[in-house]
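Accompanying notes for the structure given below.
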Amino acid sequence: MIGKKLISTVCLATVACMPLAAFAETSDSKESSELSPVVVSADKVKKQDNQENVSSRLTVPESAKSGTEVFTRKDIEAMHPRNVFDILEQAKGIVVTYQGRKHPYFIRDRGGDQMGIILDGVYLPWSAVSRVVASLPVNMIESVKVVRDSTVLTIAPMGPFGADQAASGQGFIIITTKKSTSPETELNIGYGTLDTQKYQIFHGDKKDKLSYNIGYTKAKTDGKDNWYNFSDSDSILLKGGYSDKGFSSNLMLYNDRTTSPFQRGLESNGKLSSAKWGYDPMETTVIAYDMAKQWNKQNTTSFSFSYTKVDSDFHQDTFGKAPVATVKYVDYWREYNLWHTIAADKDTLKFGTQYISWHTPTGTAGGFEGQEQHEELYGYYLTDEHRVDDRWTVDGGIRLDKRHIISGTGEIAKRINDQWAQDGMTYSLGTSYKLNSIYKLSTRLAYSRQPVSEYLIPISGVTLHGEKRWKYETGITADYNKAFNVALTAFYYNIDNCKIATNQTTGSGVNTTTLYDEADVGRRGMELGVNGQLSDHWKYDLSYSYINSSNADDNSQLSTNTYTLRLNYKNKDIAANVTALHLDPFLSYGKRAGNFNRVDANISKDLDKNRTLTLYVRNLGDVQYATIYRPSLGYFNDVGRTYGVEMSMKF
């Protein structure tokens, strides 16, 4: 059952909000109580300009939208982030942690569960996802959607696949790159501290039935002295689209070549780690194609295909010693999706299948070098969203994932061949009700049963089992007026056999691997967001997230309280933006991490209608903090205050 405190919180918030309704502004958009898609951003809750088509498998049901957050192109430009992870740090309930390792970034949502990342419909491979996304130029991004609810069953697998993933997925990050609707050409040039340089050119156009985009980005930095965190990357994005008489198709090609060493850790004695590891280079290629045919007003059949290759040369050297031989890692991912949508007057029914193949003939780091691994997954789903009337919707779905290990390695030494894992099953049920032009309520319930990943290594005396999870979520949104809008979500997860990372490890160097325990865990929490436009010049977006676990070890690794703030000012040709983040202290391998307040800021001036000059500073207070500690490597601290200038020119 949902904890009493959570129910009390939602009920009290609802009661407290009711008197404010009398003071809510009336506008044309509030004349009707009909349900409509929304975007949660610094702007007032509003219809989403780039909302996915109803037949898209990335579309979320009405009941899941209270747990969905979208950062639009304008939001991203205002934040002036280094990469996608700077954007995600501002999302409610998400904690981004960083380490100088093969997987530098981790996205932890609602208590440590991982989130899948989708780039233009492509489910990115776990083996390189954080480095691929870290290199993705933010100027090429149209939107970043955070779907916290993993009960949206049409997107990707719910359980572990080709990964040392410890738990069921907790949702997805959906990244959409720019797609031109009119002629546009843009050039960006930037320079900052640590000899950070960026050069980007983008061009796109749409003519009748055809559209195309082409973009190139060069980004490099020398990093901090002796930290071994320099980088140098070249990225190319090509997109083309065709649409005519109920038929549409899109093609995307993304290629990135990066030299990316691993930042040195700061050991407990105050010295930098002697590890000299990194990729030189790592090349990522993503090709994606999708097509859709609308047979009539109700029926649409869609197909998509993607191919991803990550080819990297990895070196594991030691400062002060002769270099050792480079190790090559190659990963291939292929994905096929076929689904059909029936959009009737009262129902939207989707059913489809998904096939994903992961193959690494070279093996992976972490004790699996030189050991071929090949897996495939067959996913099947059925969902329906029923509109009872203009205010009330009910939705439900079921997904089955069948995972086949063709060739693999489990628990470091154990070889696996031609083995089918236990089926993964997920069931979901949700409902949404719009009380009036201001308030909307939503509730979701889900049950998931997922197999244990063969790549997890248990502590001595423990046998890891498949996970079972009941998920309860309820939310309320209140769209009062232009200046004040509120979204509150409360959740409770009852998890049997939850995997908990311990302080124990096995192996050494780059092959150091975490050992896991398991326990029955209850996680409860809430996410509160408030946003609005205070005047013609000022906008704000404030969030607070709370999380607590019934298991002491699990709870110690969580930031109990997380706060974010975005403050935007715009007056004629001057714009200024501030973002802030607070994380509570938590433990990383038994060492204290987190516990910081960071502020970033920027100010820009439109020199004319086509040229904008921006000055930015990150970590304004020069706060020294880390979010991950690694045994034998130390803390991976933030680089501290950095600043720079960027010129944007449109033609």
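Just tell me which lysines come within less than 21 Å, Cα to Cα, of K220; anything on the same chain fewer than 8 places away is out. The qualifying lysines are K102, K198, K276. Measuring between their Cα centroids, segment 69-132 and segment 207-285 lie 14 Å from each other. Placing a pseudo-label 7 Å from each Cα along the Cα-to-Cβ vector at L238 and Y336 gives an inter-label distance of 2.5 nm. With 0.36 nm allotted per residue and the present C-alpha distance subtracted, the A322-E267 stretch has 17.6 nm of extension available.
From helices alone, the chain scores -1500 deg cm²/dmol at 222 nm; the rule is -39500 (n - 2.57) for each run of n ≥ 4 DSSP H residues, then divide by the residue total.
Both radii come from the Cα set of the chain: Rg as radius of gyration, Rh as Kirkwood radius; their ratio Rg/Rh reads 0.94.
Label sites at E369 and W392, each approximated as a point 7 angstrom past Cα along Cα to Cβ, lie 6.3 nm apart.
Each peptide in 313-323, 71-81, 89-99 was scored by the mean count of other Cβ atoms within 10 Å over its residues; highest first, the order is 89-99, 71-81, 313-323. Tally Lys and Arg at +1 and Asp and Glu at -1 over the other residues with C-beta under 13 Å from the C-beta of E646: what net charge comes out? In short, +3. For segment 149-288, the dipole from Cβ point charges (+1 on Lys and Arg, -1 on Asp and Glu) about the Cα centre works out to 240 debye, to the nearest 20. Out of the total accessible area of segment 261-363 (probe 1.4 Å, heavy atoms of protein only), what percent is carbon and sulfur? Carbon and sulfur: 56 percent of the exposed surface of segment 261-363. How many angstrom lie between the Cα centre of segment 464-486 and the Cα centre of segment 522-545? For segment 464-486 versus segment 522-545, the Cα centre distance is 14 Å. Below 8 Å between Cα atoms, with a sequence gap of 6+, how large is the relative contact order for the chain in percent? About 13 percent, as a whole number. Shape class of segment 143-284 from the alpha-carbon gyration tensor: oblate, with a/c at 1.5 or above and b/c at least as large as a/b. For the set K224/K271; K482/K539; K271/K328; K297/K440; K92/K572; K65/K245, the pairs lying more than 20 angstrom apart at their alpha carbons are K271/K328; K297/K440; K92/K572; K65/K245.
Site pair L587 and V623 shows an inter-label distance of 2.3 nm when each label is modelled 7 Å from Cα along Cα→Cβ.
When both segment 179-206 and segment 571-585 are represented by their alpha-carbon centers, they are found 22 Å apart. Normalised per residue, the accessible area of the chain is 41 Å², obtained with a 1.4 Å probe and no contribution from ligands, DNA or RNA. If R0 equals 45 Å, the separation of the Cβ atoms of N595 and D347 corresponds to a calculated FRET efficiency of about 0.35.
Taking all protein chains as they are arranged and a probe of 1.4 Å, the heavy atoms of L581 leave approximately 10 Å² accessible to solvent. The percentage of C-alpha pairs in segment 454-588 whose separation is greater than 25 Å is 48%.
The values are calculated or read from the model by the stated rules, or taken from the named source; none is laboratory data. Worth saying up front: this structure is predicted, and the values here are computed from it rather than measured. Backbone-built Cβ (ideal geometry, glycine too); neighbour counts: all protein chains shown. Side chains are part of the model used for accessible areas, which takes the heavy atoms of the whole protein and leaves out ligands, DNA and RNA. Shrake-Rupley method; radii C 1.70, N 1.55, O 1.52, S 1.80 Å.
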